[in-house]
Structures are given as C-alpha cells and as structure tokens.
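Working notes, structure below.
The values are calculated or read from the model by the stated rules, or taken from the named source; none is laboratory data. What you see is a predicted model, and the numbers here were worked out from it, not measured in a lab. Neighbour counts run over all protein chains shown; Cβ positions are idealised from the backbone, glycine included.
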Amino acid sequence: MQKWIKLGNIFEPNNNFDWMETHAAVPFVGRISEDNIKVFFSARNSSQESSIGFVIFNINTLEISEISDTPVLSKGEFGCFDDSGVMGCCVIDAENVERMYYVGWNLGVTVPFRNSIGIAESKDGGKTFKKSYAGPIIDRTKNEPHFVASNSVMYDQGQYKIWYLSCTGWFRNDTGKMMHKYHIKYAESADGIEWKRKGIIAIDYFDEHEYAISVPRVLKDPDGLYRMWFSSRATKEIPSYSIKYAESKDGITWVRKNKEVNLKVSADGWDSEMICYPFVFDHKGQRYMLYNGNGYGKTGFGLAVLGK
C-alpha cells in the first residue's frame with residue numbers, strides 16, 4: 001500500500017488574470033531548480049476557454065514565488081483543433097528544446113467536445129512555448145474514430161513512448177446527458193512526432209461501472225519497473241474520480257493494483273469531493289504527487305508525499 005501523506009493545497013486561481021479566472025487543472029512539473037518546483041497547469045477564462053500557465057513554489061515551505069501573468073500557450077485559430085482551448089500534459093527534453101505535449105479542445109454539436117494532441121516547443125527554458133504545428137500530431141483515425149487526449153511521454157530504450165487517453169464511444173446516462181468512455185492506449189515513435197499506433201490497450205476498463213480512465217503518469221524506476229498513476233471514474237460505490245495505480249515490466253502489459261493508492265478525499269475542504277489528475281515526481285530521495293481536488297481542478301492543485 002502506498003501511504004501518501006497530504007501536504008496541502010498549493011495554488012488555487014481566483015481571478016488572477018482575465019485568462020486565469022478559475023481552475024489549475026492537470027498539473028505537471030516542468031523544471032526543478034534546487035527546491036523550487038515549476039508547475040504547469042490549465043486555467044480557464046470567463047468563457048471556460050483554457051490556457052496553460054505556471055507557478056513556482058518551494059517544496060519545503062509550499063510558498064508561491066512566481067505566477068505567470070501571461071499564458072505560455074493559448075487557443076489556436078478558428079477551425080484548428082485547439083480553437084476552444086489548450087490543456088498541457090507533460091514536458092520532456094527533446095533535441096535541445098523543451099517539448100510540451102498538449103491537448104487541443106474543439107467544442108461540438110452532437111457531442112460536447114472533441115480532443116486531439118499537439119506539441120509546442122520552448123527554446124528559452126520554458127518561459128515561452130511556440131506551437132510546432134497548427135494541426136495535431138495525434139488525432140482520431142479510422143481505428144480510433146472519436147478522440148485522443150491526456151498523455152504521458154517518455155524517451156526510453158532509444159524511442160519515444162506515449163500512453164494516451166483514447167475515447168471508445170459516447171452514451172447517454174440516466175438523465176439524458178451525453179457521456180464519454182475512454183481508456184489508455186500505448187504507441188511508439190522514432191522522433192516523438194510521427195507515431196506508430198497499433199491499438200495497444202495499456203489500461204482497459206476494470207468493470208461495467210468504470211467509464212473514464214485519464215491522465216496517465218508513467219515513471220520508470222532504476223529497477224526497470226514501469227509505474228503508472230492515473231485517474232479513474234467510476235466505481236460501484238464512488239461516481240466521481242479517484243486515483244489508481246498499475247505496474248508493468250515492459251511498459252506495454254500492465255497489472256492494475258486498484259487498492260494500492262490510499263489517497264482519499266478529505267472530510268471537508270478543497271479535495272472533499274474528488275481526487276484526480278495525478279503527477280508523480282522525485283526530488284532529493286522523496287516521491288511526491290501533485291493532484292487536483294474538487295471540480296476537476298477548480299479548487300486548484302495540492303501536493304502529497306509518499307511515506308516510507
């Protein structure tokens with residue numbers, strides 16, 4: 001059992017800027033300088049359009065030292081895959097640049113939205129990012145006809161590897177609301193741009209109650225074991241998100257250990273309704289987790305540390 005200890009709520013937007021009125025969703029670490037942690041996240045404006053910003057906080061004091069006053073990445077031009085907003089997923093070092101993999105949002109008519117995956121690159125240490133292409137690098141296909149979204153990318157064993165959300169369909173719930181179903185697939189690439197997608201399912205639905213598996217976060221430990229934390233919705237008892245865990249010897253075939261993560265909702269406060277969207281990282285011999293609470297990041301993000 002992983003004994004995660006909550007350290008507190010780190011940051012919650014509150015009309016900081018016109019592009020950052022609410023939400024700090026899907027947090028992920030960009031750069032660590034001594035004990036200062038740079039965290040990217042997706043914020044929303046009054047029209048619910050998302051942009052990507054960052055904060056820098058001290059991991060010892062949990063105090064914020066910097067908040068981006070302008071977004072590092074914003075929505076695209078009309079008609080493009082990201083014309084309704086962007087959501088960051090991860091940053092990796094790629095050929096002397098920092099490459100961000102992000103999700104583009106399109107609002108829909110028959111269904112609420114459609115997502116695709118794009119990339120942007122930074123040559124100034126992550127201060128600004130420029131989109132590499134106006135279009136997505138991973139989109140729906142004849143075999144994946146709905147959409148793709150949140151992802152985790154790693155350069156490993158001479159190639160790029162990606163674990164990504166893949167929508168398998170839409171359905172109406174008991175109230176008539178249109179709902180999505182998605183799980184996690186796996187693909188490989190020589191350059192991190194052109195991907196060989198073979199339809200490999202990394203994390204599939206656990207039972208008839210689970211319908212949304214998202215935001216995979218993969219680490220490879222020195223012993224060669226791949227570890228994944230991800231968001232899961234729902235169970236027979238819990239209709240909202242919770243964080244689950246799986247292990248793999250090759251990064252392809254995974255064994256789920258649903259009861260491994262003991263990070264539960266609090267009795268009250270910012271994470272009393274749900275726990276979701278993890279990002280796990282190591283610093284000075286400790287393993288930490290960023291995560292969102294209520295409202296899919298509306299109450300900001302918090303930090304937990306793995307007890308020994």
*asked:* When you check PHE57 against the structure, is it in contact with a Gly (Cβ under 8 Å, 6 or more places away or on another chain), part of a strand (DSSP E or B), surrounded by 14 or more Cβ atoms within 10 Å (Cβ to Cβ) and aromatic (Phe, Trp, Tyr), yes or no?
replied: no
*Which one of these is charged (D, E, K, R), more than 15 Å from the chain's Cα centre (by Cα), in a loop (DSSP other than H, G, I, E, B) and modelled with pLDDT of 95 or more: GLU247, GLU210, GLU237?*
GLU210
*Hey, ILE213 hits all of (1) among the β-branched types (Val, Ile, Thr); (2) touching a His at 6+ places or on another chain (Cβ under 6 Å); (3) over 17 Å from SER150 (Cβ atoms) but one; which does it fall short on?*
(3)
*Out of curiosity, is ILE67 in contact with a Gly (Cβ under 6 Å, 6 or more places away or on another chain) and β-branched (Val, Ile, Thr)?*
no
*Can you name the residue in segment 250-282 that is part of a loop (DSSP other than H, G, I, E, B), of a type outside the set (D, E, K, R) and within 20 Å of ILE184 (Cα to Cα) and is also farthest from the chain's Cα centre (by Cα) among such residues?*
THR253
*Taking only pairs six or more apart or across chains, which ones have beta-carbon atoms under 7 Å, a first residue in segment 246-272 that is farther than 22 Å from LEU219 by Cα and touching a residue at least 60 places away in the same chain (Cβ under 8 Å), and a second residue that is of a type in the set (Lys, Arg) and assigned to a strand (DSSP E or B)?*
none
*When both residues are 6+ apart or on different chains and their Cβ atoms are under 6 Å apart, which pairs have a first residue that lies in segment 167-186 and is in contact (Cβ under 8 Å) with a residue 60 or more places away in the chain, and a second that is buried (at least 20 other Cβ atoms within 10 Å of the Cβ)?*
HIS180/CYS167; TYR186/TRP163; TYR186/ALA202
*Residue list for segment 26-70, restricted to those being over 16 Å from MET100 (Cβ atoms) and of a type in the set (Gly, Ala, Ser)*: SER33, SER46, SER47, SER65
*If you take the residues of segment 60-71 that are outside any strand (DSSP E or B) and of a type outside the set (S, T, N, Q), which of them is farthest from ASN14 (Cα to Cα)?*
LEU62
*asked:* Can you name every one of the strands (runs of 3 or more DSSP E) wholly within segment 72-138 that holds 2 or more residues which are surrounded by 19 or more Cβ atoms within 10 Å (Cβ to Cβ) and among the charged types (D, E, K, R)?
replied: 97-107
_Any residue that is part of a strand (DSSP E or B), of a type in the set (Lys, Arg) and without any contact (Cβ under 8 Å) to a residue 60 or more places away in the chain - is there at least one of those in segment 36-49?_
yes
*asked:* I'm trying to understand the selection: among the residues of segment 160-184, which are over 19 Å from ARG197 (Cβ atoms) and surrounded by 11 or more Cβ atoms within 10 Å (Cβ to Cβ)?
replied: TRP170, MET178, MET179, HIS180
*Please find, within segment 1-27, the residue that is nearest to ARG44 (Cα to Cα) out of those that are part of a loop (DSSP other than H, G, I, E, B) and touching a residue at least 60 places away in the same chain (Cβ under 8 Å).*
PRO13
*Specify which of the listed residues (GLY224, GLY295, GLY302) is at positive phi and surrounded by 13 or more Cβ atoms within 10 Å (Cβ to Cβ).*
GLY295
_Exactly one of these conditions fails for ASP174: (1) modelled with pLDDT of 95 or more; (2) farther than 24 Å from LYS257 by Cα; (3) among the charged types (D, E, K, R). Give me its number._
(1)
*Could you look through segment 150-159, keep only residues that are surrounded by fewer than 21 Cβ atoms within 10 Å (Cβ to Cβ) and assigned to a strand (DSSP E or B), and pick out the one that is nearest to the chain's Cα centre (by Cα)?*
MET154
